[in-house]
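J.: There's a structure below that I have some questions on.
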Amino acid sequence: QKEVEQNSGPLSVPEGAIASLNCTYSDRVSQSFFWYRQYSGKSPELIMSIYSNGDKEDGRFTAQLNKASQYVSLLIRDSQPSDSATYLCAVNIGTYKYIFGTGTRLKVLA
Amino acid sequence: DAGITQSPRHKVTETGTPVTLRCHQTENHRYMYWYRQDPGHGLRLIHYSYGVKDTDKGEVSDGYSVSRSKTEDFLLTLESATSSQTSVYFCAISADMGEENIQYFGAGTRLSVL
């Protein structure tokens, strides 16, 4: 059974701090990894994709991938109350097939 | 929204009745998906399609059927709805972005089976 594990949270951080969200996956052959943000009552929206070991930065967001440890993380710098949402980790497990973690709920405190 | 429209957006129905949810896309994507999302379970794949009349089961396909007679439409049918099928249903497409393929989601359908 291929799995994606995330801490459900809530993860609470003060405004302006760095939020760190983590995800582990079981399928060693996975090559593509994604972070989605989902506001309550809304659909998931893509924030970042990452394919290579190391860091990938986009604005305030940094995705980090370590394939040897089967670990992917998302850092949000200068967290804002508008970042409060559930963050879903997704892993590509084959041709156009994906599995999702249950999500981590982030609360940014003003 | 990547040109994805789901209908209806909300539906309340009774146990034992048939229900069809529609997903319509405007950008000719080959791959389309149906997921359900429940608290504690995250997004779980019901069925997916890789072309007209080409579909396959996901991890939670029991009680659901799908059809894709046109590239732009992917229908999810609950033949006889049960209370356990109360959920939020998301349609998704997989878009090729250079060497990447990325999933984009519709707005979702909230289904209540009473």
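The values are calculated or read from the model by the stated rules, or taken from the named source; none is laboratory data. Small disclaimer: the values here were computed from a predicted structure and weren't measured. Glycine gets a Cβ as well: all are built from the backbone with ideal geometry, and neighbour counts include every protein chain shown.
J.: Give the number of residues within the stretch A:75-100 that are part of a loop (DSSP other than H, G, I, E, B), out of contact with any Phe, Trp or Tyr (no Cβ under 8 Å at 6 or more places or on another chain) and within 14 Å of chain B (Cβ to nearest Cβ).
T.: Matching residues across the stretch A:75-100 total 1.
J.: OK, next. State whether the residues of the stretch A:54-64 include one that is within 14 Å of chain B (Cβ to nearest Cβ) and within 30 Å of B:THR55 (Cα to Cα).
T.: No, the conditions are met nowhere in the stretch A:54-64.
J.: I need the strands (runs of 3 or more DSSP E) fully contained in the stretch B:37-114, keeping only those with at least 1 residues that are in contact (Cβ under 8 Å) with a residue 60 or more places away in the chain.
T.: B:73-78, B:87-97, B:100-105, B:109-113
J.: Any residue at all in the stretch B:91-111 that's more than 17 Å from B:GLN6 (Cβ to Cβ) and at pLDDT 95 or above?
T.: For the stretch B:91-111, residues more than 17 Å from B:GLN6 (Cβ to Cβ) and at pLDDT 95 or above: absent.
J.: If you check B:GLU27 against the conditions, is it within 15 Å of the chain's Cα centre (by Cα) and either closer than 25 Å to A:TRP35 by Cα or part of a loop (DSSP other than H, G, I, E, B) (or both)?
T.: no
J.: Further, regarding this structure: If I filter the stretch B:78-86 for residues that are within 14 Å of chain A (Cβ to nearest Cβ), under 25 Å from A:SER40 (Cα atoms) and not acidic (Asp, Glu), do I get at least one hit?
T.: No: the stretch B:78-86 contains no residue that is within 14 Å of chain A (Cβ to nearest Cβ), under 25 Å from A:SER40 (Cα atoms) and not acidic (Asp, Glu).
J.: Can you tell me which of (1) touching a helix residue (DSSP H, G or I) at 6+ places or on another chain (Cβ under 9 Å); (2) within 14 Å of chain A (Cβ to nearest Cβ) is the one B:ALA95 doesn't meet?
T.: It is condition (1) that B:ALA95 fails.
J.: OK, next. For the stretch B:98-114, enumerate the residues that are away from chain A (no Cβ under 14 Å) and within 16 Å of the chain's Cα centre (by Cα).
T.: B:LEU111, B:SER112
J.: Residues that are closer than 20 Å to B:ILE102 by Cα, at least 3 per element: which strands (runs of 3 or more DSSP E) completely within the stretch A:3-74 meet that?
T.: A:19-25, A:33-38, A:45-50, A:54-58, A:61-66
J.: Failed condition for A:TYR36, given (1) away from chain B (no Cβ under 14 Å); (2) under 25 Å from B:ARG110 (Cα atoms); (3) surrounded by 20 or more Cβ atoms within 10 Å (Cβ to Cβ), with all others met?
T.: (1)
J.: Tell me which residues, restricted to the stretch B:17-65, are in contact with a helix residue (DSSP H, G or I) (Cβ under 9 Å, 6 or more places away or on another chain) and within 12 Å of another protein chain (Cβ to nearest Cβ).
T.: If the condition is that a residue be in contact with a helix residue (DSSP H, G or I) (Cβ under 9 Å, 6 or more places away or on another chain) and within 12 Å of another protein chain (Cβ to nearest Cβ), then B:ARG36 is the only one that fits.
J.: Within the stretch A:65-74, how many residues are surrounded by 18 or more Cβ atoms within 10 Å (Cβ to Cβ) and either within 11 Å of chain B (Cβ to nearest Cβ) or of a type outside the set (A, V, I, L, M, F, W, C) (or both)?
T.: Of the residues in that region, 1 qualify.
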